[in-house]
1. Considering segment 271-304 alone, what residues qualify as being outside any loop (DSSP other than H, G, I, E, B), of a type in the set (V, I, T) and either over 22 Å from S7 (Cβ atoms) or away from the ligand (no atom under 14 Å from the Cβ) (or both)?
2. Return only the number of the condition from (1) in a helix (DSSP H, G or I); (2) within 16 Å of the ligand (Cβ to nearest atom) that D331 does not satisfy.
3. Restricting attention to segment 412-426, and to residues there that are more than 9 Å from the ligand (Cβ to nearest atom) and on the phi > 0 side of the Ramachandran plot, which single residue is surrounded by the fewest Cβ atoms within 10 Å (Cβ to Cβ)?
4. Any chance segment 411-418 includes a residue that's out of contact with any Ser or Thr (no Cβ under 8 Å at 6 or more places or on another chain) and of a type in the set (S, T, N, Q)?
5. Of everything in segment 369-393 that's of a type in the set (V, I, T) and within 9 Å of the ligand (Cβ to nearest atom), which residue is farthest from G499 (Cα to Cα)?
6. Hey, among E190, E196, E179, which residue is at pLDDT below 95 and on the phi < 0 side of the Ramachandran plot?
7. Looking only at segment 117-132, filter to residues that are of a type outside the set (G, A, S) and closer than 18 Å to T261 by Cβ; which one of those is surrounded by the most Cβ atoms within 10 Å (Cβ to Cβ)?
8. May I ask you to list the residues in segment 477-507 that are in contact with a helix residue (DSSP H, G or I) (Cβ under 7 Å, 6 or more places away or on another chain), within 11 Å of the ligand (Cβ to nearest atom) and in a loop (DSSP other than H, G, I, E, B)?
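The values are calculated or read from the model by the stated rules, or taken from the named source; none is laboratory data. Just so it is clear, the structure is predicted and the values come from calculations on it, not from any experiment. Cβ placement follows ideal geometry from the backbone for every residue including glycine, while neighbour counts extend to all protein chains displayed.
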Amino acid sequence: MVPNISSLSSYILEYQRSCANPTGYWAYVADTFYWRRKYDEVLRWDFEKPEIAWYVNGKLNITENIFERQIYYRRKQVALYWEPNDPGQPARSLTYQELFEATQQFANVLIAQGVRKGDRVAIYMPMVPELVVAMLACARIGAVHSVIFAGFSAQSLAERINDAGARVLITADGGYRGEKTIPIKAIADEAMESTECVERAIVLRRTGESVPMKAGRDYWWHDLKKNAPLVHEAVEVDAEDPLYILYTSGSTGKPKGLVHTTAGYMVYTAHTFRNVFQYEEGDVYFCSADIGWVTGHSYLVYGPLLNGATNVMFEGVPTWPDAGRYWQIIDKYRVNQFYTAPTAIRALMALGMEWLNGKDLGSLKVLGTVGEPINEEAWHWYHDHIGKNKCPIVDTWWQTETGGIMISPLAGIIPTKPSYATLPFVGIQPAIVDDNGNELTGNSVEGNLAIKFPWPGMARTIWGDHERFRHTYFGRFANLYFTGDGVKRDEDGYYRILGRVDDVINVSGHRLGTAEIENAINEHPLVVESAVVAFPHPVKGQGIYAFAICNEFSTGGEAGIRQSVVKTVERIIGPFARPDKVLVVSGLPKTRSGKIMRRILRKIALGEGDDFGDTTTLLDPAVVDEIVTKARAMEAEAG
Ligand code: WTA
């Protein structure tokens with residue numbers, strides 16, 4: 001098992017050691033894993049190119065580290081408790097042995113379908129155990145999985161499948177989320193119409209609704225499984241072979257397929273999981289994230305399973321059938337560590353205390369949050385009412401790109417401060433830099449958050465676009481990885497994440513690019529141009545405010561347009577990207593060179609309508625007054 005950091009003094013010591021001798025430190029952690037062939041060199045790196053390789057020439061398989069390495073003493077231990085959307089339906093659980101067999105069997109299914117090492121497999125599934133099986137089976141045979149969140153539209157799915165060049169799509173007939181049934185197969189069918197690379201779709205039966213199956217392309221999971229053997233010897237892969245591609249949003253419209261490789265990611269997710277959550281043998285851990293996002297990859301699948309943890313996986317939503325659903329699950333499974341997003345906490349807090357009636361929550365030891373800044377009010381509510389003043393909160397800052405947690409308390413070890421991610425994990429060397437790249441040293445400083453030295457879990461490239469990887473992350477500041485976040489280091493040296501400094505926004509913990517939403521809005525036949533900004537939202541953290549120039553309004557007038565713009569975004573990206581406000585305008589504040597001055601739009605979205613600073617560079621300053629007037633009228637109309 002990975003080493004445990006169990007006191008503040010050992011954290012301080014290990015932190016110093018990990019920075020003074022990073023390769024020595026990460027070799028020490030890596031040596032607790034099972035390698036088919038040991039690496040020749042711990043790290044090769046150059047942030048200019050960039051080129052990052054950990055555990056050079058090491059050979060392994062990550063599933064051997066989940067299963068073979070620990071199966072003899074974990075056969076009967078539960079790996080996955082699965083809680084269905086509807087509490088009235090039967091729950092399931094899989095022991096390590098059962099998950100192991102399911103993984104091997106599905107690995108054989110994939111092989112029989114012609115999937116080979118290095119092939120990409122797209123996965124578009126609801127939150128059911130077979131999703132985990134599908135991912136692990138890919139890893140077992142050295143195929144690269146690319147999970148696409150099941151809330152994405154057909155168009156977004158197709159775009160990601162095409163970018164990854166996936167040969168196989170693993171999907172389901174449908175899925176349940178609260179009271180809704182999601183027609184997953186129908187969306188997948190639509191997506192496959194605009195993909196040329198997919199040769200096979202493997203369809204899991206979840207809802208039992210009848211769905212069309214295209215002959216020669218679509219096969220049922222349960223049919224393919226019938227004759228597949230339960231034993232599959234893991235395929236040996238290189239330390240730097242890709243484990244998965246995961247798409248995330250950036251400042252331009254096109255999503256980026258971040259590539260995580262095998263060995264470094266394995267070492268880093270396992271080490272952070274064990275130490276941040278202080279997971280102990282026998283604990284039950286519950287991460288509420290969807291596997292479609294990185295939190296689910298690192299802290300529902302890989303990190304916990306590599307530590308032999310018992311996981312709770314939940315198919316549904318926190319507010320259905322009522323707002324006590326998470327608390328009921330925590331009591332049912334006697335959960336010890338609970339990891340969720342601030343948006344869920346704020347939503348549940350807003351629904352009132354009555355949902356906590358009759359809930360014990362006494363099993364909880366550690367609470368975690370991720371994905372966006374947590375405001376003090378939500379932090380205290382979580383701490384007092386869920387943690388009953390006895391559970392440390394780990395406010396974990398990290399990103400799809402970082403693979404694992406970067407700045408966070410270690411539970412019960414690093415003293416917490418509301419809304420602070422506190423201190424860097426071992427081996428992580430943050431730097432705060434001004435806009436010119438000068439490092440701001442010492443305490444009580446604020447600036448851009450960058451990282452000075454590689455860590456094993458970092459993404460290695462953007463699939464098919466290494467140049468974009470270079471300029472996005474390493475082109476901004478020389479010899480530093482740029483995170484895109486603003487940060488403050490306080491008088492105690494504690495880090496507080498201030499939010500994105502680029503055009504990425506964070507809506508209910510879902511990461512979106514403003515350009516991506518604008519592109520979707522512009523697909524609306526009546527929209528000429530649009531601009532999207534974020535505004536503070538009491539539950540979602542950030543809300544989406546869209547300004548759209550429309551040529552003409554047909555039936556329904558402005559209200560009709562607003563609605564159909566929202567529908568367009570739902571159709572093109574997915575329902576989670578739906579704008580909260582759409583304002584129809586006749587122009588946008590632009591400079592003479594044609595650049596939209598978003599600063600002004602942000603102020604308008606905030607409801608701050610008077611002082612816009614210097615507007616002399618605007619092509620047409622009068623447009624600002626018009627937008628302000630219209631925005632006020634819309635607010636008044638909404639009450
Ligand atoms: C934000 C999610 C404040 C941040 C794991 C980052 C946070 C982006 C925190 C990455 C936190 C994540 N406090 N902000 N604890 N955690 N963020 O790629 O802006 O979906 O850059 O990864 O979420 O989002 P992503």
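1. V284, V294, T295, V301
2. With respect to (1) in a helix (DSSP H, G or I); (2) within 16 Å of the ligand (Cβ to nearest atom), D331 is out only on (2).
3. Here the answer is G412.
4. no
5. My answer is T369.
6. E196
7. V121
8. Residues satisfying the conditions do not exist here.
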